[in-house]
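Following: one structure in structure tokens, then a few remarks.
The values are calculated or read from the model by the stated rules, or taken from the named source; none is laboratory data. Here the structure is a predicted model, which means the values were calculated and not measured. Quick reminder, even Gly has a Cβ in these numbers, built from the backbone with ideal geometry, and neighbours come from all protein chains shown. Keep in mind that these areas ignore ligands, DNA and RNA; they rest on the heavy atoms of the full protein, side chains included. Shrake-Rupley method; radii C 1.70, N 1.55, O 1.52, S 1.80 Å.
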Amino acid sequence: DLDIRLTLLGNQIQWSDFPPLVNAKGSLRIQDDFPLPETIRADVLGGNLQVTTQSSSGSEKVLTIAGGINTNELKKHLADKSDSTFAPVLNAMTGRINYDGQVRIDKSNIDSNVRFNLNAFGLNAPEPLNKMINTPLTARLNLKSNPDHKSGGSVLSWSGQIGERIFMQGSSATGSPVRQAYGIGQPAALPQNGIAFGINTNELDLDAWY
């Protein structure tokens, strides 16, 4: 059986289009299924990241993550990767985002739950999305990936909530179009295909958005 431990002494780790982990220190365990960090500290997107892995029941591994993101670095990373629909919201971000959570991995099944502290985050946007720095706000995100036995690929699904009024969910399967839904003041209802928006608010100045 394959079992290799790599010690990181300030290395850089790059995986696909994800932002690189800079000055990574700790250890990475490579076994038969896939590599997992045992304990890693690194700099990413202008903030720090700490990841530790523990074994749970059976073959399940549990990654505990915590860190922070500088929104200026996030905007630089996503500048040429984001849908133009969301560019105004991305450009309106300021401040810092802190997060913590767990990622459960069992063979090909991944279940991630991440909480966000947005107190130091700001969004210079018209109502109802305006957010001042140093005002309390939390968010959560659930991300799941499971094998799709029909296509032989995988199914990715996500759902999230920002505060008490903003909701989102989506789904993407191999060979099928991406489906996304966003709701403000009401739950996000996932469409059969494409993107769906739902708004229920007492104040919406459309001129302010253009």
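When the trypsin sites (Lys or Arg not before Pro) in the range 83-172 are filtered for DSSP coil states and for at most 16 other beta-carbon atoms within 10 Å of their beta-carbon, the remaining sites are 107, 150, 165. Considering only 43, 100, 17, the Gaussian network model of the chain with Cα springs below 10 Å gives its largest mean-square fluctuation to 17. Dipole orientation for the chain: of the candidates 94, 182, 146, 94 has the Cα lying most toward the positive pole (charges on Cβ; Lys, Arg +1; Asp, Glu -1).
About its Cα centre, the chain has a charge dipole of approximately 220 debye under the convention of +1 per Lys or Arg Cβ and -1 per Asp or Glu Cβ, with nothing else charged.
Once the gyration tensor of the Cα atoms in the range 53-210 is diagonalised, the equivalent ellipsoid follows with semi-axes of 29, 21, 15 Å, ordered largest first. The count of lysine pairs in the chain with alpha-carbon distances below 22 Å, taking only pairs 8 or more places apart or on different chains, stands at 8. Between the C-alpha center of the range 1-66 and that of the range 174-192 there is a gap of 32 Å. Which residues does the label zone of residue 78 cover in the range 90-127, counting backbone N under 17 Å from a point 7 Å along Cα→Cβ? Flagged as within label range: 90-100, 114-126. Solvent-accessible area assigned to carbon and sulfur over the chain amounts to 52 percent, based on a 1.4 Å probe.
Of the residues 6, 16, 109, the one whose Cα sits farthest towards the positive end of the charge dipole of the chain is 6 (charges of +1 on Lys and Arg Cβ, -1 on Asp and Glu Cβ, taken about the Cα centre). Take the range 1-137 with all the other protein chains still there, run a 1.4 Å probe, and you get 60 Å² of accessible area per residue.
Two decimals is fine: what is log10 I(q)/I(0) at q = 0.13, 0.16, 0.26 Å⁻¹ for the range 1-62, from a Debye sum with one equal scatterer on every Cα and no solvent? These q points yield log10 I(q)/I(0) values of -0.37, -0.55, -1.15. Our Cα-only numbers for the range 1-114 put the radius of gyration and Dmax at 15.8, 50 Å.
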